[in-house]
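Structure record follows, encoded as structure tokens.
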Amino acid sequence: MPVATQASLKGLTPHQLARTGCNLCLNNTYHLGLKPGQETLDKIGGAHKLQGWSGNILTDSGGFQMVSLLKLAQVTEEGVRFLSPHDGTPMLLTPEHSISLQNSIRSDIIMQLDDVIATTSADGARMEEAMERSVRWLDRCIAAHRKPESQNLFCIIQGGLDLEMRRKCCEEMIKRDTPGIAIGGLSGGEAKDAFCKVYSHRFSRFAALQM
């Protein structure tokens, strides 16, 4: 899945990308929300038209920016307060606003806003807080989703490298019966074997759901 963060894939035209056989690319909700902005996305008719791409689009909810832009972010139960990396303008990204932006982007797969912290963090209490908050935020995302018939909302399993925490999160997430499930929080600096341990672990109910 090539990354077209701001609805632009560097080095390839949409036609060239299609010729590779790719049918899914990634856009970023946070960055598109800043530029060109929601009003412009609504006027254009979404990111497919903006980038001239007839394939599928998946949008990151903006949650990863809690890690990559940590110095510019403050996380509370309400959402995440960012300072724009462009001009320092404040922005509040709530679960509802993240879904609203993704509805305007019109991506085919949209992701819930989740509370993301680095897997290398030694703060177990903060990791558990992030996992439980991600479940609560999923409920808010589902309630805010205006286009479930055309956009598939995926939940995101959190819990760092703690398999028991992951299991607990997974059990809560699958109760919401979203169209898809993502394994979140990985590739955050952890060792490769730790990554593979989480990725390959089979939680009984999750495994049954995948089959």
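The values are calculated or read from the model by the stated rules, or taken from the named source; none is laboratory data. Note that this is a predicted model, so its numbers are computed, not measured. Here the Cβ positions follow ideal geometry from the backbone for every residue, glycine too, while neighbour counts run over all protein chains shown. The accessibility values were calculated without ligands, DNA or RNA, using every heavy atom of the protein model including side chains. Shrake-Rupley method; radii C 1.70, N 1.55, O 1.52, S 1.80 Å.
What residue, among those in the stretch 62-82 that are modelled with pLDDT of 75 or more and part of a strand (DSSP E or B), is farthest from E129 (Cα to Cα)?
Step one: list which residues in the stretch 62-82 are modelled with pLDDT of 75 or more, which gives 62, 74-82.
From the residues that got through so far, the ones that are part of a strand (DSSP E or B) too are 74-75, 80-82.
Values: Q74: 15, V75: 11, V80: 14, R81: 18, F82: 20 Å.
Ranking the qualifying residues of the stretch 62-82, first place goes to F82.
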Self-check item: Residue that is surrounded by the most Cβ atoms within 10 Å (Cβ to Cβ), among those in the stretch 79-123 that are among the acidic types (D, E) and touching a strand residue (DSSP E or B) at 6+ places or on another chain (Cβ under 7 Å)
Solution: D114
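Going by the conditions given, is T178 polar (S, T, N, Q), in contact (Cβ under 8 Å) with a residue 24 or more places away in the chain and touching a helix residue (DSSP H, G or I) at 6+ places or on another chain (Cβ under 8 Å)? Walk me through it before giving the result.
Values: polar (S, T, N, Q): yes; in contact (Cβ under 8 Å) with a residue 24 or more places away in the chain: yes; touching a helix residue (DSSP H, G or I) at 6+ places or on another chain (Cβ under 8 Å): yes.
Against the criterion (polar (S, T, N, Q), in contact (Cβ under 8 Å) with a residue 24 or more places away in the chain and touching a helix residue (DSSP H, G or I) at 6+ places or on another chain (Cβ under 8 Å)), T178 qualifies.
Please work out which residue is modelled with the lowest pLDDT, limiting yourself to the stretch 191-211 and to residues that are part of a helix (DSSP H, G or I) and open to solvent by less than 30 Å² (accessible area, probe 1.4 Å). Full working, then the answer.
Applying the first criterion (part of a helix (DSSP H, G or I)) to the stretch 191-211 yields 192-200, 204-210.
The next check asks that each one be open to solvent by less than 30 Å² (accessible area, probe 1.4 Å); those that pass are 194, 198, 206-207.
Numbers: A194: 91, V198: 90, F206: 50, A207: 43.
For the stretch 191-211, the residue satisfying everything is A207.
Please count how many residues of the stretch 129-138 are open to solvent by 70 Å² or more (accessible area, probe 1.4 Å) and under 16 Å from the mean Cα position of the chain (by Cα). Give the derivation first.
Keep residues of the stretch 129-138 that are open to solvent by 70 Å² or more (accessible area, probe 1.4 Å), which gives 129, 136.
Those left that are additionally under 16 Å from the mean Cα position of the chain (by Cα): 136.
Total meeting the criteria: 1.
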Quiz item: Is it the case that the stretch 29-52 has a residue that's open to solvent by 10 Å² or more (accessible area, probe 1.4 Å), part of a loop (DSSP other than H, G, I, E, B) and modelled with pLDDT under 90?
Solution: no
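Quick one: is R126 open to solvent by 70 Å² or more (accessible area, probe 1.4 Å) and basic (K, R)?
On the way: open to solvent by 70 Å² or more (accessible area, probe 1.4 Å): no; basic (K, R): yes.
So R126 does not fit the description; no.
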Exercise. Mind counting the residues in the stretch 15-49 that are of a type outside the set (A, V, I, L, M, F, W, C) and without any contact (Cβ under 8 Å) to a residue 40 or more places away in the chain?
Key: 14
Exercise. For the stretch 140-190, enumerate the residues that are open to solvent by 30 Å² or more (accessible area, probe 1.4 Å), β-branched (V, I, T) and either under 18 Å from R126 (Cα atoms) or in contact with a Phe, Trp or Tyr (Cβ under 8 Å, 6 or more places away or on another chain) (or both).
Key: I174, I181, I183
